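Structure, as structure tokens:
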Amino acid sequence: MKPVFSVSEVTQIIKNLLEGSAFLQQVYIKGEISNFKHHISGHMYFTLKDEKSQIRCIMFRSSNILLNFNPENGMKVTAFGHISVFEKTGEYQLYVEDLEPEGVGDLHIAFERLKAKLEKEGLFNPARKRPIPFLPRRIGLVTSITGAAVRDLLTVIKRRYPNANIVIAPVLVQGKEAASQICSAIGDLNNLGEVEVIIVGRGGGSIEELWAFNEETVARAIYSSKVPVISAVGHETDITIADLVADKRAPTPSAAGEMVVPEKNVLKNEIRQLKNRLITAAMSNINLKRQRLEYIRKSATFIKARNMVLNYRYELDRHVHNLFKNMKIQIDGKKLIFKSQVSKLQALSPLAVLQRGYSICQSFQSQKIIRKVEDVCIGEMVFVVLSDGKLLCRVKDRGKR
């Protein structure tokens, strides 16, 4: 016998089949809104249709309260949600969790796909994100030179730390050329040198206006930057791919300015407090050491050691005195011996003989001493050495005693 099901049972089976499909639990559907009704409960009921078919939709108040536009009949939208069966009528319908006007939905899909791709590659990994320098020597700004974001950044940074050195790399922040300019600016600031942190950002806007910061090229430029990057795109509720890749995300450009530099006055107060604490700690330590030294100085062990040193010093002085005394005796004895030897040498010195009136005769040519008369010839030139000099003489005669 073939089984017979009730309507409820069949409806439940169909509901289980639909809810068991992972594909149908996260689905994007494009279509035109019709039969739109915003119920007094806050829930929205409408139909999405195209040229060939239609599907009933419901968007609960908890989901539609965040919408930034008012859905209307005839509006083309992209709805995100899950498909199930409303058991009371037996109709399947789309339970909408998010709704975007035509075009915006495509961007959300592209955003989610790129986000999943880059997350799989590890570009969002918190472990690779670098800390922001405490007080960077030079700050790079990649933003529009005419937008409110650059004014907010400069105002906040200069107010907090007037000495900050800022380099601005002006770029387009929306449009077809924006992504390539942002990438080039990040590379230029990396190559400039001494830039220690880069802020990439702009003011708020729609997803289309912020799309340059969802481009894969910009994400990879931020990831490849050797310098830490702060992303400051849009308002606090705006999340871009750049925010997810950057080393730090600031909810607004102004917040990025507060994040990148400390307040100078706060720093000065902290330094002053640290200085006072250091002086107090140093004086306290000196006083403690002085007390310990005084305690040691008055201790019996120190007094005994001091007396030993004094005794040794007395003994040392006595030994030094004796040493100098003995050295003087030795030196005086050596002086007497030296004088005696000098006297003997002086007695034997030819100079002493010369001083008594004697002289020495030398040959003029050979400088040899002439000892005999036969050593010279008549007419030869000779030196006669006296005690105070020499005489040059010519021999006119010679004779023996």
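The values are calculated or read from the model by the stated rules, or taken from the named source; none is laboratory data. Keep in mind that this is a model prediction, so the values were computed, not measured. So basically every Cβ, Gly included, is an ideal-geometry build from the backbone, and we count neighbours across all protein chains shown.
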Members of the range 146-164 found to be surrounded by fewer than 13 Cβ atoms within 10 Å (Cβ to Cβ) and either touching a strand residue (DSSP E or B) at 6+ places or on another chain (Cβ under 8 Å) or farther than 29 Å from Glu177 by Cβ (or both), listed by number: Pro162, Asn163
The range 217-242, subset in a loop (DSSP other than H, G, I, E, B) and buried (at least 24 other Cβ atoms within 10 Å of the Cβ), residue modelled with the highest pLDDT: Thr240
Within the range 15-68, tally of residues that are closer than 23 Å to Lys88 by Cα, of a type outside the set (Ser, Thr, Tyr), in contact with a Lys or Arg (Cβ under 6 Å, 6 or more places away or on another chain) and assigned to a strand (DSSP E or B): 0
Qualifying residue in the range 118-139 (condition: assigned by TED's automatic domain parsing to the domain that holds Val173, in contact with a strand residue (DSSP E or B) (Cβ under 9 Å, 6 or more places away or on another chain) and without any contact (Cβ under 8 Å) to a residue 60 or more places away in the chain): yes
Matching residues in the range 282-308 - criterion: being of a type in the set (Val, Ile, Thr) and surrounded by fewer than 10 Cβ atoms within 10 Å (Cβ to Cβ): Thr301
Leading residue by the ranking (surrounded by the fewest Cβ atoms within 10 Å (Cβ to Cβ)) among those in the range 105-145 that are of a type in the set (A, V, I, L, M) and assigned to a helix (DSSP H, G or I): Ala127
Residues of the range 179-195 that turn out to be buried (at least 17 other Cβ atoms within 10 Å of the Cβ) and assigned to a loop (DSSP other than H, G, I, E, B), as a count: 1
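Of the residues Val173, Val245, only one is at pLDDT 95 or above, aliphatic (A, V, I, L, M) and in the same structural domain as Thr146 (by TED's automatic domain parsing); which?
The unique qualifying residue is Val245.
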Search result, residues across the range 373-392 that are assigned to a strand (DSSP E or B) and either among the acidic types (Asp, Glu) or in contact with a Lys or Arg (Cβ under 9 Å, 6 or more places away or on another chain) (or both): Met381, Val382, Phe383, Val384
Condition met for Lys344 (on the phi < 0 side of the Ramachandran plot and under 60 Å from the mean Cα position of the chain (by Cα)): no
Lone qualifier among Val245, Val227, Val261, Val197 - being out of contact with any Lys or Arg (no Cβ under 7 Å at 6 or more places or on another chain) and farther than 19 Å from Val171 by Cα: Val245
Selected residue (criterion: farthest from the chain's Cα centre (by Cα)) from residues of the range 254-303 that are assigned to a helix (DSSP H, G or I) and of a type in the set (Ser, Thr, Tyr): Thr301
Of all residues making up the range 166-217, the number that are more than 21 Å from the chain's Cα centre (by Cα) and over 17 Å from Gly147 (Cβ atoms): 9
One residue from Thr146, Thr155 being in the same structural domain as Val245 (by TED's automatic domain parsing), polar (S, T, N, Q) and touching a residue at least 60 places away in the same chain (Cβ under 8 Å): Thr155
Those residues of the range 30-43 which are in contact with a helix residue (DSSP H, G or I) (Cβ under 9 Å, 6 or more places away or on another chain) and within 28 Å of Arg113 (Cα to Cα), in sequence order: Lys30
